[in-house]
Amino acid sequence: MKKFIVIVLVLFCCKIRGQNNQGNTEKDINSSLKNNQKTFVLTTNWVLPNPTNSSNIGKATTGKSGIEGGVQLFLYNNFFIGGFLGVSGLDVSQPEYTGNYSRSSVTFGYFQVGYEFPIQEKLRLGLSFVPFGESRYKNILSNSSNVYQVDNARFVMLGTHLSYKVSGPFYIFAGYAFRSDKTEIKTAPEFQDQFKSIQYHSVSFGVKFYIGNKSFF
């Protein structure tokens, strides 16, 4: 009986010690994530827009890769605002939908709000929404690179990204976004619905440089 009691006491002490170690580990992880606050981040990335078939422009074109860059400021905890500028393009593969154009150069800029989750010490998951963005389409005619026509659009966008810490403040990331451009293109009334918007699925890869260790407020 005494041996049985001793064994029970030893097992009980081991159990308590294991729970304490687990509790300390969880506290260390939570503390690490809590202290993973940033002030702002500089971003640059490669982006590939893929237009959908929801409009004549989407049916006629394929996306050309481009670049964009911007800065995000963490206002409170992991809530952020940001601004970005970029350039990409479209190649016209079926001109019967758009007219006598060969390609478009697209420049854009937007304001962004979002939240970033530090899910592990080296991983950060971000969700973002663009309530206001502007784009400019420079449409090049097929028979001349010097003759073009310009269309403007406003857009909204939803996006997400996953960042991985490489070293110090440097992270690499991959992202996805859905974007909807509302154009100012004027056509015959019977075709207007096919030109009033352009929608994209976009993927991106790039680097982020995080600075600071506390939010703005």
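The values are calculated or read from the model by the stated rules, or taken from the named source; none is laboratory data. Quick caveat: nothing in here was measured; it's all calculated off a predicted structure. Cβ coordinates were reconstructed from backbone atoms using ideal geometry, including for glycine residues, and neighbour counts include every protein chain displayed.
Could you check region 108-152 and list, in sequence order, the residues that are of a type in the set (Gly, Ala, Ser) and either modelled with pLDDT of 95 or more or more than 27 Å from residue 95 (Cα to Cα) (or both)?
Listed by number, the residues that qualify are 109, 114, 126, 128, 133, 135.
Count, please, the residues in region 74-95 that happen to be touching a Gly at 6+ places or on another chain (Cβ under 7 Å) and among the hydrophobic types (A, V, I, L, M, F, W, C).
Selection size over region 74-95: 5.
Quick check on my filter: what residues within region 88-144 are in contact with a Ser or Thr (Cβ under 7 Å, 6 or more places away or on another chain), assigned to a strand (DSSP E or B) and of a type in the set (D, E, K, R)?
Those that are in contact with a Ser or Thr (Cβ under 7 Å, 6 or more places away or on another chain), assigned to a strand (DSSP E or B) and of a type in the set (D, E, K, R): 91, 124, 136, 138.
Could you identify the single residue in 137, 148 that is without any contact (Cβ under 8 Å) to a residue 12 or more places away in the chain and surrounded by 14 or more Cβ atoms within 10 Å (Cβ to Cβ)?
148 is the lone residue from the list that is without any contact (Cβ under 8 Å) to a residue 12 or more places away in the chain and surrounded by 14 or more Cβ atoms within 10 Å (Cβ to Cβ).
When you go through (1) closer than 24 Å to residue 97 by Cβ; (2) buried (at least 17 other Cβ atoms within 10 Å of the Cβ); (3) more than 14 Å from the chain's Cα centre (by Cα) one by one for residue 182, which number turns out not to apply?
The number of the failed condition is (2).
Condition first: surrounded by 13 or more Cβ atoms within 10 Å (Cβ to Cβ) and assigned to a loop (DSSP other than H, G, I, E, B). Now tell me which residues in region 151-179 satisfy that.
169
Quick check on region 75-107: of everything there that is small (Gly, Ala, Ser) and surrounded by 19 or more Cβ atoms within 10 Å (Cβ to Cβ), which residue is modelled with the lowest pLDDT?
Top of the filtered list is 104.
For region 185-209, what are the residues that are hydrophobic (A, V, I, L, M, F, W, C) and modelled with pLDDT under 90?
185, 188, 191, 195 - these are the residues of region 185-209 that are hydrophobic (A, V, I, L, M, F, W, C) and modelled with pLDDT under 90.
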